[in-house]
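Just so it is clear, none of the values below were taken in a lab; they were calculated from the coordinates. All figures in this text were calculated on a predicted structure; none of them were measured in a lab. As a convention, Cβ positions derive from the backbone with ideal geometry for all residues, glycine included, and neighbour counts pool all protein chains shown.
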């Protein structure tokens, strides 16, 4: 349960950009200027949006369905109904399969439901489309952490830090994993990295909730550091 709450907090921290659906405007019954500049007709303007019979072409219908499912998904997500929201976003992707914003929202809805299998699949698709999408890498890392797949989690957190070297949450969680695996050398190095990020970060630009969490993590990492130093000290003394 603790890991899952951490997952939700990280999702809140990295955020999610929500695209604003745009409504297509159809032009009908607009006067059309003929070759004679003094004459006009009441012919319907021929365009890519509306044909001469007033029917919407198939691609316009698909766009309308895409935006309809997207809007429903956004509203359901705001209400915390992640399962139904996921279904709406997945339906939207049937009409625009590579829309990365909708892929992310579908993945985050699935993660919060939780439906980790689908979330992993969608986040992997997101980073395939955009290799600099550190938010999706971060979400992948936390899902793998909750599932106790620490190797995959470490790989994803390191990807986050490659793209966003000042990501303090990724550094903290990576140090946590190294400590659990008793990889003390890498844990100390990552704690040092965390401290460097901490001192150059503008903590007051963060929300109070995130700031409190960062301070709690810092205290935990200080405890880990003292324990590791004591372990190394005891090993050194035993070899004398």
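Below is a table of values for the structure above.
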{"item": "In Å, descending, principal axis extents of the Cα set of the range 70-215", "result": "48, 33, 24"}
{"item": "Proxy reagent accessibility, fewest Cβ within 10 Å first, across 100, 191", "result": "100, 191"}
{"item": "Kirkwood Rh, angstrom, the range 178-240 [1 / mean 1/r, Cα pairs]", "result": "13.1"}
{"item": "Sequence of 205, 136 once ranked by neighbouring C-beta atoms within 10 Å, starting from the fewest", "result": "205, 136"}
{"item": "In nm, spacing of pseudo-spin labels at residue 195 and residue 130 (7 Å Cα→C-beta vector)", "result": "3.5"}
{"item": "Principal axis dimensions, the range 88-145 - Cα atoms, whole angstrom, descending", "result": "32, 26, 13"}
